[in-house]
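Data first, discussion second: the structure below is written as structure tokens.
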Amino acid sequence: MQSKVLLALLPAVCLCWQAFPIRAQQSPTAAGNPVATSRVAGVIKDPSGAVVPGAKVELLNLASGVKDCVSSDRQGRFVFDKVPVGRYQVTVHAKGFDTAVIPDLSVAAGSETDANVALKIAPARTDVEVNAPATGGGAPTPRTIDDTSRAGSRNAAELVAETPGVSLRENGQLASIPFLHGLGDERAKLVVDGMTVSSACANHMNPPLSYIAPSQAAEVTVMAGITPVSLGGDSLGGTIAVDSRDPAFANASEHLREETASSGFYRSNGENYGGAFFEWVAGRNLGIGYTGSWATNDDYTDGSGHKVTSTYAQSTDHAVTLAAQGAGNLVVLQAGLHHTPYEGFVNAQMDMVRNYAESLNLHYRRSFEGGGLDARVFWQGAWHSMNIGHDKSTFPMPMWMPMNTHGRDIGYSVKLDLPLTDRHTLRLGNELHRFVLDDRWPAVAGAAPMMGPNTFVSIDDGRRMRLGTFVEIASKWNPKWTTLFGLRNDTVWTNTGPVQGYSDMYAMDADAFNTLNRAHTDPDIDATALARYEPNSHSTYEFGFARKSRAPNLYERYAWSTNMMASGMIGWFGDGNYYVGNVGLEPETANTVSGTASWNGGTAAPWAIKLIPYLTYIQDYVDVDTMMTTMYGMSTFAQLQFANHSARIGGADLSASSAIWNSHTYGEGKIAGVAGWLHGERTDTSTPLYQMMPLNLRVALDEELKGWTAGLGVQAVDRKSNVDPNRLEQTTPGYALFNLHSGYRRGHLQVSAAADNLLNKDYELPMGGVNFDDFMASGWMSQIKPLTGGGRSFHGSLTARF
Ligand SMILES: [Cu+2]
């Protein structure tokens, strides 16, 4: 144990970003005690067995976080000398190959530790991951979530907030909704630990990313635009995958592997605090682990000092993992429990008053020479209740209205990677996702005929089943050219049972709906073609085309009531409007052309620039037609029916980073920036699409020195002037926010402290929708206003790992 603590004192002089390896200076410990050291060496080979020179090899001490980097030589060999004994992670990046990781390598005193690595050919992919430039726009390297990123995120969606091409819709404190290149919510595929689940709520209060706490997330992968069909299915905008940590087993030199981590955080604005605990015990073949987290927060205050009501939340998550490995096989079974006793929604008429979900996830993986088999079966049940939460109940005219949904997701996926030749890898797959939903609103005593005497059946036994099959070929023609071609079919079946209203006043709509043929079968075809050209080690160019489809969700097709009160309960847009479904709705199809150009300065000048332009035409885009508008006090709202229209979204992401200094005294300093611009409009009316993020820029200046990190960031957002007339969307002014953060890692402990919105700027969120609470508090009289963001907040967190 003492040696582990001493290891933390070794200076970390190397950050492995952008082909920028510098040998770490391994020095005796500060205390002068000799630390037993050893040697780690290996050879990097490609699937044909040929050696790979110039691969970047990173050695990370799992206890101290100290990193070292080297490149493989002409014989593909690399060596780390004087490595203190302990447990390490080895990561290998090489152009044109998937990143390879040896998650846990035990280095014992004396003999040399072998770390030979066989790389797999990466399918060419458009990659929006700014933190993984080392592969030069290659495979979508999962980004490892660090403690700083966890501490700065209220929910799992915020872990990807700073990725180029991503913007977030405000949707409660636990359930922000990511958009990729202007296409979000169910237009982006969100995958948590390989599971695809649907929001079991007419307001999407429980979307997929709300089921994993930031403390449980270990890795995140973001792909926008041209994504491989193997990651497709309901992914018009792209795919975001969040994964908890992979099981680690005891290696040859250990009897038992035990890991423990615990963490706590506090955020001043809104009194947000919580904690997480993780325990893992494994032998060489079997492992068991538990992870749990709890968080609570009160309403936040905006920059003008105004309390933003119904922004409170509380949540608890538990997961138990069992894992077994042997002879190239890995089986992992994960069981999860998620409980949100309450969560306010300031931009909705209702709040979440309970959400409870259980999940089971069985994963099997087998690797063989150059390929592998990956199979998964999963189930999730969600019981969700909406009503008037404790803030809204204090307003004049509070409405008591229980609404209960029960959602069941079940699915499987099978993927097979087969090396055809040295040049070509074939990927085949088949997957199923079936979602069943019941949405019932119990009668309210004394409120008939508006809300009684019967139960309002919003969705009865609604079913949406998607069966996907794909084939994909990744080819590396020569060191400069890589291609990826894929073809995919998703057939989607939707249907729902007969419905009823609270009373006879709903009978006309209900009867009409019940006589309709509601069953749909939508056979959708997706295709991807992508080429990557790497003329030299300083530049990479990618260009491609993708066609992707999404069949409508259950509410878009089957929300049946035109009654104002009932249609006001439908809609996940935070705009206060009233939504009615459309049984005749067709699937939407996006045709995207996109490119990536990236350049870097190489070892001598560590800088990198990446530009991603894109253009998407969406046929049968699911938008809305206005049925009527209505005024309450000074505010106008619209009753809207889902309808197919055509739309176009074009834009560009630009990201850049550069080292500014690098010395023993001042450590490493770097500057990084991300800018995004997009324009979306309906092509038939030339009107803007709803919630298109305005021009925005993030710049961060960071320094790292011997376990210390410190940084200054600024986020600038332009005025939102292109607004959707159908949803009566309001413009929002431009703003700039500053933040400061710092962290320190020593031995088992990581401490971080930060200040957000340092200047306490009062600003309106361009993707925040409206502050429906303030409008309700005025007795439905005032002019409704856009939602304001949080004022200044200080936060701190502490994590201990053993
Ligand atoms: Cu809900």
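Return the whole-Å distance between the Cα centroid of the stretch 486-548 and the Cα centroid of the stretch 235-260.
Measuring centre to centre over Cα atoms gives 32 Å.
Quickly rank 452-464, 99-111 as a protection proxy: mean count of other C-beta atoms within 10 Å, highest first.
452-464, 99-111
Which percent of Cα-Cα pairs in the chain sits in each 10 Å bin, short to long?
It works out to 3, 13, 24, 27, 20, 9, 4, 1, 0, in whole percents.
How large is the accessible surface per residue of the chain, computed with a 1.4 Å probe and reported in Å² as a whole number? Could you put the intermediate results ahead of the total?
Numbers: 30040 Å² over 802 residues.
Spelled out: the 1.4 Å probe surface of the chain, per residue, equals 37 Å².
At a 1.4 Å probe radius, carbon and sulfur cover how many percent of the accessible area of the chain? The partial results should precede the final answer.
Numbers: 17910 of 30040 Å².
Solvent-exposed carbon and sulfur of the chain make up 60 percent of the total.
Looking at the square roots a ≥ b ≥ c of the eigenvalues of the Cα gyration tensor of the stretch 393-442, which shape do they give, rounded for a/c under 1.5, prolate if a/b is larger than b/c, or oblate?
On the way: a/c = 10.06, a/b = 3.61, b/c = 2.79.
It comes out prolate by the Cα gyration axes.
When averaged across all projection directions, what area in nm² does the alpha-carbon convex hull of the stretch 370-514 cover?
Numbers: hull surface 56.2 nm².
Seen from a random direction, the Cα hull of the stretch 370-514 projects 14.0 nm² on average.
If the label point is 7 Å along Cα→Cβ of Thr521, which residues in the stretch 558-580 have backbone nitrogen under 19 Å from it?
So the set is empty, nothing qualifies.
If the convex hull of the alpha-carbon atoms of the stretch 639-747 is projected onto planes in all directions, what is the mean projected area in square nanometres?
Details: hull surface 40.4 nm².
If you wrap the Cα atoms of the stretch 639-747 in a convex hull and average its projections, you get 10.1 nm².
For n ≥ 4 DSSP H runs only, could you compute -39500 (n - 2.57) per run for the chain, divide by its residues and tell me the 222 nm figure to the nearest 500?
Working: 6 runs with 35 residues, N = 802.
The helix-only estimate for the chain comes to -1000 deg cm²/dmol at 222 nm.
Once you have all Cα-Cα distances for the stretch 285-430, histogram them in 5 Å bins from zero and send the whole-percent values.
That works out to 2, 8, 13, 13, 12, 11, 9, 9, 8, 6, 5, 3, 1, 0, 0, in percent per bin.
Taking the Cβ-Cβ separation of Leu373 and Leu749 as r and a Förster radius of 45 Å, what is the calculated FRET efficiency to the nearest 0.05? Write out the running numbers ahead of the final one.
Values: r = 40 Å, r/R0 = 0.90.
Working from the Cβ atoms, E equals 0.65.
Give me the percent of Cα-Cα pairs in the stretch 57-107 that sit more than 17 Å apart, rounded to a whole number.
Details: 425 of 1275 pairs.
Result: 33 percent of Cα pairs exceed 17 Å.
When every alpha-carbon pair in the stretch 437-555 is counted, what percent end up more than 23 Å apart? Walk me through the numbers on the way to the answer.
Numbers: 3986 of 7021 pairs.
For the stretch 437-555, the fraction of Cα-Cα distances above 23 Å is 57 percent.
Mind listing the Cα extents of the stretch 129-258 along all three principal axes, in Å, largest one first?
On the principal axes, the stretch 129-258 reaches 52, 33, 27 Å in Cα extent.
Restricted to Cα positions, what overall size does the stretch 181-254 have along the principal axes? Three whole-Å values, descending.
51, 28, 16
Going highest first, how would you order 775-781, 228-234 by mean Cβ packing within 10 Å? Before the final figure, lay out the partial values.
Values: 775-781: 18.0, 228-234: 26.6.
Answer by packing, highest mean first, reads 228-234, 775-781.
Shape of the stretch 594-675 from its Cα gyration tensor (a ≥ b ≥ c, root eigenvalues): rounded if a/c is under 1.5, otherwise prolate when a/b > b/c, or oblate?
It is oblate, given that a/c is not under 1.5 and a/b is not larger than b/c.
Count the net charge of all other residues whose Cβ sits under 11 Å from the Cβ of Asp147, scoring Lys and Arg as +1 and Asp and Glu as -1. Don't skip to the end; give the middle numbers.
Values: positive: Arg150, Arg745, Arg801; negative: Asp146.
Overall, the nearby charge balance is +2.
Quick one: Debye curve from the alpha-carbon atoms of the stretch 252-344 only, equal weights, vacuum; give me log10 I(q)/I(0) at q = 0.20, 0.24 Å⁻¹ to two decimals.
Log-scaled intensity ratios, in q order: -0.96, -1.16.
Mind checking which of Ala512, Val723, Tyr266 is farthest towards the positive end of the chain's charge dipole, using Cβ charges of +1 (Lys, Arg) and -1 (Asp, Glu) about the Cα centre?
The residue sitting most towards the positive pole is Tyr266.
Hey, which of these cross-link pairs are over 28 Å Cα-Cα: Lys189/Lys761; Lys189/Lys480; Lys56/Lys610; Lys706/Lys761; Lys56/Lys706; Lys56/Lys189?
Details: Lys189/Lys761 34 Å; Lys189/Lys480 31 Å; Lys56/Lys610 20 Å; Lys706/Lys761 34 Å; Lys56/Lys706 22 Å; Lys56/Lys189 31 Å.
Lys189/Lys761; Lys189/Lys480; Lys706/Lys761; Lys56/Lys189, as the Cα separations exceed 28 Å there.
Give a quick list of chymotrypsin sites (Phe, Trp or Tyr not before Pro) in the stretch 615-676 that DSSP marks as loop, anything other than H, G, I, E or B, with at most 16 other Cβ atoms within 10 Å.
Details: sites: Tyr617, Tyr621, Tyr632, Phe637, Phe642, Trp661, Tyr666; in loops: Tyr666.
Hits after loop and neighbour filter: Tyr666.
Output wanted: per-residue J couplings in Hz (rounded whole) for the stretch 436-453, from phi through Karplus 6.51 cos²θ - 1.76 cosθ + 1.60, θ = phi - 60°, x for Gly and Pro.
Whole-Hz 3J(HN,Hα) from phi for the stretch 436-453: 10, 9, 10, 9, 10, 10, x, 5, 9, 4, x, 10, 5, x, 4, 10, x, x.
I need the per residue convex hull volume for the stretch 675-802, using only the alpha carbons, in cubic angstrom as a whole number.
Numbers: hull volume 19.0 nm³, N = 128.
So the per-residue Cα hull volume is 148 Å³.
Along Cα→Cβ, 7 Å out, is where each label goes; now give me the distance between the ones at Thr626 and Tyr666 in nm to one decimal.
Result: 5.8 nm between the two label points.
The values are calculated or read from the model by the stated rules, or taken from the named source; none is laboratory data. Quick caveat: nothing in here was measured; it's all calculated off a predicted structure. Note that each Cβ is placed from the backbone with ideal geometry, even for glycine, and that neighbours are counted across all protein chains shown. Accessible surface areas use protein heavy atoms only, side chains included; no ligands, DNA or RNA. Shrake-Rupley method; radii C 1.70, N 1.55, O 1.52, S 1.80 Å.
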